[in-house]
Amino acid sequence: MTEVSVTKEDAVASGDLVVLKSVNKHFGALHVLQDIDLTITRGEVVVVIGPSGSGKSTLCRTINRLETIDDGEITIDGKPLPQEGKALARLRADVGMVFQSFNLFAHKTVLENVMLGQIKVRKADKTQAAANARALLDRVGVGTQADKYPAQLSGGQQQRVAIARALAMDPKVMLFDEPTSALDPEMINEVLEVMQQLARDGMTMIVVTHEMGFARSAANRVVFMADGRIVEEAAPDQFFSNPRSDRAKDFLSKIL
Ligand code: ADP
Ligand code: MG
């Protein structure tokens, strides 16, 4: 991946990257996303929090079109989400996604996991893909694990490989859906530190997490969801010290 040379302030100044307008989605009778309006600017780090079942994962999944929407509009870098085919594959590469479960290919080595998408989707040649993969594995601190298989790594190492794999596609935005929730406690920080560094490097990030320390130190903005709606949006300091809505107050009283 190329080094990000702009400062965070420069990046934010250059415009909107992910825009959701009046997005609605149902699962049968359940109105899981209700009139969602959300704009993420380039270089911004947005942490999404809220009770279980509030629609956070569904929100992430609509942004890279793992889920369709009923109405409304989602654009990435000014372009509406493609419906299918190669354009959709490219969109998914532009929107890196890291899940709670690491989802690495079990029968490929760590290095191959990070090379694969570059070759298949970005049409990189093998030598270039391997060099890029090694550089990214070094960057997330697992360079020495390149020739192992995922099952030989700890959960924290596997999640860092998953981050490297997403970064290998040179994404415009990274989505993280509870990336540390499946990890043993002693491995949470090594993953959060990689995410902190990415944020400092200027990556645009949408992060669903219960790690409030990360939200306080890395987020430009906290988005609080409940029952499929964005109930409150604020800077982290403001949100944690002075939540406006009763729903947010109630939620924070349970987790802090
Ligand atoms: P969160 O990530 O905030 O916990 P989710 O987006 O996973 O919330 O889920 C929101 C609601 O939608 C929940 O009630 C969940 O049970 C429901 N839901 C999620 N995925 C599906 C699905 N594929 N089919 C039906 N209901 C779903
Ligand atoms: Mg979820």
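The values are calculated or read from the model by the stated rules, or taken from the named source; none is laboratory data. Bear in mind that the values here come from a model prediction, so they are computed numbers and not experimental data. Glycine also receives a Cβ, built like all others from the backbone with ideal geometry; neighbour counts cover every protein chain displayed. These accessible areas exclude ligands, DNA and RNA; they are computed on the full protein's heavy atoms, side chains included. Shrake-Rupley method; radii C 1.70, N 1.55, O 1.52, S 1.80 Å.
Below, the figures for the structure above:
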{"item": "Theoretical ellipticity at 222 nm over the chain - DSSP helices of four or more residues, -39500 (n - 2.57) apiece, nearest 500", "result": "-11500 deg cm²/dmol"}
{"item": "Dipole axis of the chain (+1 Lys, Arg; -1 Asp, Glu on Cβ), positive-most option in 78, 104, 185", "result": "104"}
{"item": "Point-to-point label distance, residue 170-residue 144, nm (Cα→Cβ direction, 7 Å offset)", "result": "3.1 nm"}
{"item": "Relative counts (whole %) of C-alpha pair distances in segment 110-256, using bins that are 5 Å wide", "result": "2, 9, 17, 18, 17, 13, 9, 7, 5, 2, 0, 0"}
{"item": "Using alpha-carbon coordinates, inclination of helix 110-120 to the longest axis of the chain, degrees", "result": "80 degrees"}
{"item": "Difference of contour (0.36 nm per residue) and Cα-Cα distance, residue 254 to residue 154", "result": "33.0 nm"}
{"item": "FRET efficiency, 1/(1 + (r/R0)^6) with R0 41 Å, evaluated for residue 245 and residue 90 via beta carbons", "result": "0.60"}
{"item": "Listed residue (143, 43, 128) projecting farthest to the positive dipole end of the chain, Cβ model", "result": "128"}
{"item": "Rg/Rh for segment 156-230, where both radii come from Cα atoms and Rh is the Kirkwood radius", "result": "0.95"}
{"item": "Accessible-area ranking of 68, 109, 127, largest first, probe 1.4 Å", "result": "127, 68, 109"}
{"item": "Charge dipole magnitude, Cβ of K and R +1, D and E -1 - the chain, Cα centre, debye nearest 20", "result": "640 debye"}
{"item": "Amide H contacts under 5 Å for residue 77, placed H, 5+ residues apart", "result": "18, 19"}
{"item": "Mean-position separation - Cα centroids, segment 196-249 and segment 13-78, in angstrom", "result": "15 Å"}
{"item": "Space enclosed by the convex hull of the alpha-carbon atoms of segment 139-200, per residue, Å³", "result": "89 Å³"}
{"item": "Where labels lie 7 Å past Cα in the beta-carbon direction, separation of residue 216 and residue 37 in nm", "result": "3.2 nm"}
{"item": "Extension gain, residue 79 back to residue 26 (0.36 nm per residue minus Cα-Cα distance, nm)", "result": "16.7 nm"}
{"item": "Extended-chain gain in nm, criterion 0.36 nm per residue less alpha-carbon gap, residue 193 and residue 181", "result": "2.8 nm"}
{"item": "All lysines inside 25 Å of residue 79 as judged from Cα atoms, apart from same-chain residues fewer than 8 positions distant", "result": "8, 21, 25, 56, 120, 123, 172"}
{"item": "Accessible surface of the chain [probe 1.4 Å, protein heavy atoms]: carbon and sulfur percent", "result": "49 percent"}
{"item": "Volume per residue that the Cα convex hull of the chain spans, once the total is divided by residue count, Å³", "result": "130 Å³"}
